[in-house]
Amino acid sequence: MKRTLGVCYYPEHWPEAQWAEDAARMADLGLTWVRIGEFAWGLMEPTEGAYDWGWLDRAIAALGAAGLKVVLGTPTATPPRWMLTKYPDMIALDRDGKPRGFGSRRHYCFSHRPYRMECARIVTAMAERYGKNPHVAAWQTDNEYACHDTVLSYSAAATDAFREWCAQKYQSPQALNRAWGNIFWSMDYASFDEIALPNLTVTEPNPSHVMAHRHFASDEVASFNRAQVEIIRRHSTAPISHNYMGQITDFDHFATGADLDIAAWDAYPLGFLSDRLPATPEHRHRFVRQGDPDFQAFHHDLYRAVGRGRWWVMEQQPGPVNWAPWNPDPLEGMARLWAWEAFAHGAEAVCYFRWRQAPFAQEQMHAGLLRPDSAPAQAFGEAAQVARELAAMPDVGTARAAVGLVFDYASAWAWETQPQGRDFSYFRLVFETYRGLRRLGLNVDILPPDTADLSAYTLVLAPGVATLSQPLLAALAVHKGQSLIGPRSNSKTADFAIPVPLPPNLPGLAATVARVESLPPDVPVPLEQGGNFLHWREKIETSADVVEASVDGWPALICAGGLHYLAGWPDAEALNRILLNLCGQAGMDTDPLPEGLRRRDTETHKFLFNYNAVAVEWGGETIPAAGVLWAPLA
């Protein structure tokens, strides 16, 4: 498929006389896609039932006349003020019972049924009007589900919906009581109507209750999204997407993505490094204007999996953002590097956010391809360069990797619910594993937790999966390659209890986790071959082969054939050794890379990305600062 560039545009923010000129400049720049409409409900329906489509008709026509394709967003992330007057109970309540009110965006509760009906009405009106429009070539549902901590709501609507969800799942209060272990602390319920949401309790709520609420809330997002998708499909054959975010695990993206054609995500490398990613001060300083060398790639691979091969970057950072603790200017060349890295990982499109910097409201400090005065900003020229390079580059297919890495949203909820150690983070555990693989120059495919066929992968890793699915366990039992499971894997039942037999309970591996401990930052557990366990360690009783041990004599890494279990959270030194050994056993070539240099192979080309602010010499090549090199594979 041809790789293309795009941009996010808000025609309602600019004089109509400017639209045609903007469209012509976009086309001249080499852009193909323009996303519009996702925040404009108040203009589409300024008063209840009174639609105004004229401005949107003309905007789409102006863009289409310039040869551009429109991604039309449903506007349900920003319900207008009149709707809140009609439904004052439609807003979400936070964990402390405080309202998430009007004045910005995402001011709705996923469980409010009348609001869902209003969403269905506006989406139906849009789909009927634009479903056959030749310029509307793709759709986006809503905008950034979960942004601003908006998945978990503690409203009356959410309480009612959760009770119904529990009734459907457990069928009787007695079955629910058994599943949750409510005999502990006399927490039994005689009726589903007695069940509240797991907040405002004196001390921590029952973790099984919390996990049920997390599953419920995730299902609410999926069903909210599905309702819009089903409406659009009745009127349009154009592909439908949603734009997810980075390091957001509040809902199961695989479940929501099952109803969509394309998984998109919004990539803000500098904001993520400053705001979300745990890192040392030295690491932040080194990559402050470039972003973390692995964070974007991880999400590219994740959303390629969520989209079953089809994925976009719907919003790509072009300059300083406005929402992080600090908002540096990207190093010259990074807007080009970020785009090419996405394409190397299989993106169909990369859309910069936004066309022109807004001079008003909350995002006025967020850069665009143009300044507020319409002069080109720094990324404008870099986007033009990428467009020229794409035109000269043959289409590049995405190669299947030899390494599969399992990612499970429910495990993120599990270890947030019961971390046992303050710094235990499922996302961080998986991400550090991914980083270790990337440092060895390896391509990685991210796999959903119910993967039933591992035959394409020489090496499979599943760190920290709380409950290994039956399809995955069956696939591991017949896997011919090397696999690495753990730590903390298969240690909870689906209802969040400790299983018996005790974990890890893996096929063919005779081992029992007898005790666990979380480790304070200043209490590492040294390993005999070097490096340490940090954060988490398990004491295992086993008759399996002990590959590595801790200096205090406990097994650290055990195996039965190609199936390995890791009994702790390894630091970078230990992880690198373990991965190198596994790759050697699997017969896989590795290509260790200098700090900040990363490689990605497509079906036909080898790409190198230099996240450093200085040039790097490697493999007989000089890769300039913020540089991208590619060459045909030998």
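The values are calculated or read from the model by the stated rules, or taken from the named source; none is laboratory data. If you're wondering where the values come from, they're calculated on a predicted model, not measured in any experiment. Methodologically, a virtual Cβ is constructed for each residue, glycine included, from the backbone with ideal geometry; neighbour enumeration extends over all protein chains shown.
From the list ILE498, ILE485, pick out the single residue that is loosely packed, with under 14 Cβ neighbours inside 10 Å and at pLDDT 95 or above. Of the residues listed, the single one that is loosely packed, with under 14 Cβ neighbours inside 10 Å and at pLDDT 95 or above is ILE498.
Residues of region 578-634 that are at pLDDT 95 or above, aliphatic (A, V, I, L, M) and more than 26 Å from the chain's Cα centre (by Cα): ILE578, LEU580, LEU582, ALA586, MET588, ALA613, VAL614, ALA615, VAL616, ILE623, ALA625, LEU629. Out of all the residues in region 10-42, which are of a type in the set (Phe, Trp, Tyr) and either without any contact (Cβ under 8 Å) to a residue 12 or more places away in the chain or not in a helix (DSSP H, G or I) (or both)? TYR10, TRP14, TRP33, PHE39 - these are the residues of region 10-42 that are of a type in the set (Phe, Trp, Tyr) and either without any contact (Cβ under 8 Å) to a residue 12 or more places away in the chain or not in a helix (DSSP H, G or I) (or both). Taking the stated definitions as given, is PRO173 outside the structural domain of ARG113 (by TED's automatic domain parsing), in contact (Cβ under 8 Å) with a residue 12 or more places away in the chain and touching a Pro at 6+ places or on another chain (Cβ under 9 Å)? It is false that PRO173 is outside the structural domain of ARG113 (by TED's automatic domain parsing), in contact (Cβ under 8 Å) with a residue 12 or more places away in the chain and touching a Pro at 6+ places or on another chain (Cβ under 9 Å). Filtered by the rule that a residue be more than 26 Å from HIS564 (Cβ to Cβ) and surrounded by fewer than 19 Cβ atoms within 10 Å (Cβ to Cβ), region 583-601 gives PRO594, GLU595. Among the candidates ALA264, ALA238, ALA279, single out the residue that is modelled with pLDDT of 95 or more and closer than 27 Å to ALA414 by Cα. Residue meeting the stated conditions: ALA264. Checked against (1) farther than 30 Å from PRO320 by Cβ; (2) crowded, with 21+ Cβ neighbours inside 10 Å; (3) among the aliphatic types (A, V, I, L, M), ALA379 meets all criteria but (1). Quick test for you: out of ARG116, ARG100, pick the one residue that is over 18 Å from THR141 (Cβ atoms), touching a residue at least 24 places away in the same chain (Cβ under 8 Å) and either in contact with a Ser or Thr (Cβ under 6 Å, 6 or more places away or on another chain) or of a type in the set (Lys, Arg) (or both). Going through ARG116, ARG100 in turn, just one is over 18 Å from THR141 (Cβ atoms), touching a residue at least 24 places away in the same chain (Cβ under 8 Å) and either in contact with a Ser or Thr (Cβ under 6 Å, 6 or more places away or on another chain) or of a type in the set (Lys, Arg) (or both): ARG100.
For region 427-436, indicate whether the set of residues that are free of Cβ contacts under 8 Å to residues at least 24 places away in the same chain and out of contact with any Cys (no Cβ under 6 Å at 6 or more places or on another chain) is non-empty. Checked against the condition, which is being free of Cβ contacts under 8 Å to residues at least 24 places away in the same chain and out of contact with any Cys (no Cβ under 6 Å at 6 or more places or on another chain), region 427-436 yields no hits at all. Restricted to region 424-468, and to residues there that are of a type in the set (Asp, Glu) and farther than 18 Å from LEU277 by Cα, the residue that is surrounded by the fewest Cβ atoms within 10 Å (Cβ to Cβ) is ASP453.
Whether a residue is farther than 29 Å from ALA414 by Cβ, assigned by TED's automatic domain parsing to the domain that holds LYS132 and charged (D, E, K, R) was assessed, and GLU230 does not pass this test.
Scanning region 394-415 for residues that are in contact with a Lys or Arg (Cβ under 8 Å, 6 or more places away or on another chain) and either closer than 30 Å to TRP33 by Cα or free of Cβ contacts under 8 Å to residues at least 12 places away in the same chain (or both) yields ASP395, VAL396, THR398.
Mind checking which residues of region 602-624 are buried (at least 19 other Cβ atoms within 10 Å of the Cβ) and over 17 Å from PHE298 (Cα atoms)? Within region 602-624, ASN612, VAL616, ILE623 meet the criteria.
Selection over region 490-526 of residues that are of a type in the set (Ser, Thr, Tyr), closer than 30 Å to PHE216 by Cβ and free of Cβ contacts under 8 Å to residues at least 60 places away in the same chain gives a count of 2. Filtering region 431-450 to residues that are in a loop (DSSP other than H, G, I, E, B) and in contact with a helix residue (DSSP H, G or I) (Cβ under 9 Å, 6 or more places away or on another chain) leaves LEU440, LEU442, ASN443, PRO448, PRO449, ASP450.
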